[in-house]
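**Student:** So that we are looking at the same thing, I have put the structure below in structure tokens.
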Amino acid sequence: MHRNSGHLRLANGAADYKRLGIASAEVAEFEDGQRIGTERGHYEWWYFDAHLDNGATVVVVFYTKPNVSPNGPLAPRITINLTLPDGRSFAKLLDTGPELFKASSSACDVRIGTNRFVGDLDRYHITATIEEISVDVELIGDVPAWRPNSGHVYFGAQGREKLFAWLPAVPHGRANVHYSIGKEEYRASGSGYHDHNWGNVHMQRLMHNWYWARASVGPYNVIASYITATAAYGYETQIVYMLARDGKIIADDDAKVTFEMDRVSIDSKSGKPVADVTRYTYHDADTRYVVSFERDKTILQAIFTDRLPLLKRIVARLIGFDGAYHRFTGKVTTERFERGVRVEHFEDSAIWELMYFGQARP
């Protein structure tokens, strides 16, 4: 993180850990339970994705409320995004009443109606059905739960700070997925991931945009994100990065990472600049790791205002809310250099995303 302007603070001091009731080096099971209330401005969600060996991708998210309207009351939501090897794609959304939501604060156990997201940092079971789409997931972690320092990022002056928190509870694991489309049933396994987010103010007020990616490539697993704050926080940027090899985390100091974009063009649907290539470079003495993501397909484009009634859509545009979400698939490359000489090179497929809350900067 660039710490020179004071707009952002990644809580990593002894007093922070004591106040939050967490350890600096080890994630506790309760950290994946419900961490924040559901009152105005507060939001929380539990996210899962998998890139399956048969070419399918699955994304399931349980929310306390729609992520575009955190100022409302508890309004549970589930989304399922399923892309099949034959090119078919499904995006499903289920909104329910608050009486159907239950969540534990001691561990991850979230229920929305008959749908459930439950686990203990090592093993998870996720079941969800929306219309004709059903998923049943077993996720077994093979990289330990991790967070960037405390996982709590604070925006603004001390005493008036706003929170964004993030916990990759399963940075990488093996996902066994049973999914159905009507009477069609499939079973497949692949690379899985689960994280957990919460905060106390609409992210639109804090973040202008972010790239986020996770990948499994050769013996390596990576989580990488590049966040740009809003104008109110000086468009300050933060990099979040974790690299594991053979299940052991070997690099996660954000101060040693640089981020680059290449082949940037304006997306015709969202009007946002989108990079075909994003690259994270980690320097540690004579060792350098380079992780590059090269876009092949855009598997999801969501313009947030498209889901609003006409009047609200007009108001949203007038106040500058122009949010858009993109999810990509493509090639990830991981390289290791020693004293400038490349000694390892691996390639695989990956899923990553670009979230835009604000209007594109000139």
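**Student:** Within the stretch 115-136, which residues are part of a loop (DSSP other than H, G, I, E, B) and within 22 Å of the chain's Cα centre (by Cα)?
**Tutor:** Hits for the stretch 115-136 are Asp120, Leu121, Asp122.
**Student:** Taking the stretch 262-280 as the region of interest, how many residues are open to solvent by 10 Å² or more (accessible area, probe 1.4 Å), part of a strand (DSSP E or B) and touching a residue at least 24 places away in the same chain (Cβ under 8 Å)?
**Tutor:** 2
**Student:** Restricting to the stretch 156-179, name every residue that is within 19 Å of the chain's Cα centre (by Cα) and not charged (D, E, K, R).
**Tutor:** Leu163, Phe164, Ala165, Trp166, Leu167, Pro168, Ala169, Val170, Pro171, His172, Gly173, Ala175
**Student:** Just a yes or no: is a residue in the stretch 174-188 touching a residue at least 40 places away in the same chain (Cβ under 8 Å), of a type in the set (Lys, Arg) and more than 18 Å from Glu44 (Cβ to Cβ)?
**Tutor:** no
**Student:** When both residues are 6+ apart or on different chains and their Cβ atoms are under 9 Å apart, which pairs have a first residue that lies in the stretch 83-108 and is closer than 29 Å to Gly55 by Cβ and polar (S, T, N, Q), and a second that is assigned to a strand (DSSP E or B) and open to solvent by 50 Å² or more (accessible area, probe 1.4 Å)?
**Tutor:** Taking only residues 6 or more apart or on different chains, the pairs are Thr83/Ser89; Thr83/Lys297.
**Student:** Further, regarding this structure: Is it true that Asn54 is within 19 Å of the chain's Cα centre (by Cα) and touching a residue at least 40 places away in the same chain (Cβ under 8 Å)?
**Tutor:** On the way: within 19 Å of the chain's Cα centre (by Cα): no; touching a residue at least 40 places away in the same chain (Cβ under 8 Å): yes.
Taking the combined requirement at face value, the residue does not satisfy it.
**Student:** Further question: Do any residues in the stretch 338-352 that are hydroxyl-bearing (Ser, Thr, Tyr) have Cβ atoms under 8 Å from those of residues that are in a strand (DSSP E or B), where the two are at least six apart or on different chains, and which pairs are they?
**Tutor:** Going by the 8 Å Cβ cut-off, the qualifying pairs are Ser349/His51; Ser349/Thr329; Ser349/Gly330; Ser349/Lys331; Ser349/Val332.
**Student:** Also: Mind listing just one residue for me: the one in the stretch 177-222 that is basic (Lys, Arg) and open to solvent by 20 Å² or more (accessible area, probe 1.4 Å) and, of those, farthest from Val291 (Cα to Cα)?
**Tutor:** We begin by selecting, within the stretch 177-222, every residue basic (Lys, Arg); these are 183, 187, 205, 214.
The next check asks that each one be open to solvent by 20 Å² or more (accessible area, probe 1.4 Å); those that pass are 183, 187, 205.
Details: Lys183: 40, Arg187: 30, Arg205: 30 Å.
Per the criteria, the residue is Lys183.
**Student:** A further question on this structure: Go through the stretch 136-176 residue by residue and tally those that are open to solvent by 40 Å² or more (accessible area, probe 1.4 Å) and not small (Gly, Ala, Ser). Step through it out loud before you land on a result.
**Tutor:** Restricting attention to the stretch 136-176, the residues satisfying the condition of being open to solvent by 40 Å² or more (accessible area, probe 1.4 Å) are 136, 138, 140, 142, 144, 149, 157-162, 174, 176.
If we keep only those that are not small (Gly, Ala, Ser) as well, we get 136, 138, 140, 142, 144, 149, 158, 160-162, 174, 176.
Of the residues in the stretch 136-176, 12 are open to solvent by 40 Å² or more (accessible area, probe 1.4 Å) and not small (Gly, Ala, Ser).
**Student:** Only one of Val240, Val291, Val264, Val274 is among the aliphatic types (A, V, I, L, M) and touching a helix residue (DSSP H, G or I) at 6+ places or on another chain (Cβ under 9 Å). Can you tell me which? Outline the logic, then answer.
**Tutor:** Values: Val291 fails: touching a helix residue (DSSP H, G or I) at 6+ places or on another chain (Cβ under 9 Å); Val264 fails: touching a helix residue (DSSP H, G or I) at 6+ places or on another chain (Cβ under 9 Å); Val274 fails: touching a helix residue (DSSP H, G or I) at 6+ places or on another chain (Cβ under 9 Å).
Being among the aliphatic types (A, V, I, L, M) and touching a helix residue (DSSP H, G or I) at 6+ places or on another chain (Cβ under 9 Å) holds for just one of Val240, Val291, Val264, Val274, which is Val240.
**Student:** Name the residue that is nearest to Asp122 (Cα to Cα), counting only residues in the stretch 229-254 that are part of a loop (DSSP other than H, G, I, E, B) and out of contact with any His (no Cβ under 9 Å at 6 or more places or on another chain).
**Tutor:** This residue is Asp246.
**Student:** Step by step: first the residues of the stretch 21-55, then only those that are touching a helix residue (DSSP H, G or I) at 6+ places or on another chain (Cβ under 9 Å) and open to solvent by 30 Å² or more (accessible area, probe 1.4 Å), then the one that is nearest to Ala128 (Cα to Cα). Which residue is that?
**Tutor:** Restricting to residues being touching a helix residue (DSSP H, G or I) at 6+ places or on another chain (Cβ under 9 Å) and open to solvent by 30 Å² or more (accessible area, probe 1.4 Å), the top hit is Thr38.
**Student:** While we're looking at this one, here's another question. If you take just the strands (runs of 3 or more DSSP E) that sit entirely in the stretch 64-114, which of them hold at least 2 residues that are modelled with pLDDT of 95 or more and open to solvent by 30 Å² or more (accessible area, probe 1.4 Å)?
**Tutor:** Ranges flagged: 89-95, 101-103, 108-112.
**Student:** Moving on. Scan the stretch 210-234 for residues that are at positive phi and at pLDDT 90 or above and jot them down. Step through it out loud before you land on a result.
**Tutor:** Of all residues in the stretch 210-234, those at positive phi come to 218, 234.
The one that is at positive phi and at pLDDT 90 or above: Gly218.
**Student:** Another one. Please name all residue pairs, on different chains or six or more residues apart, with Cβ atoms under 8 Å, provided the first residue is in the stretch 57-72 and is over 12 Å from Phe117 (Cβ atoms) and of a type in the set (A, V, I, L, M) and the second residue is assigned to a loop (DSSP other than H, G, I, E, B) and open to solvent by less than 10 Å² (accessible area, probe 1.4 Å).
**Tutor:** Val68/Gly323
**Student:** Select from the stretch 48-63 the residues that are of a type outside the set (A, V, I, L, M), under 23 Å from Ala169 (Cβ atoms) and part of a loop (DSSP other than H, G, I, E, B) and list them in ascending order. Full working, then the answer.
**Tutor:** We begin by selecting, within the stretch 48-63, every residue of a type outside the set (A, V, I, L, M); these are 48-49, 51, 53-55, 57, 62-63.
Pick out the ones that are also under 23 Å from Ala169 (Cβ atoms) and you get 48-49, 51, 53, 57, 62-63.
The answer is Asp53, and nothing else.
The values are calculated or read from the model by the stated rules, or taken from the named source; none is laboratory data. This is a predicted model, so every value here is computed, not measured. FYI the Cβ positions are ideal-geometry reconstructions off the backbone, even for glycines, and counts take in every protein chain you see. Surface areas here come from the heavy atoms of the whole protein model, side chains and all, with no ligands, DNA or RNA. Shrake-Rupley method; radii C 1.70, N 1.55, O 1.52, S 1.80 Å.
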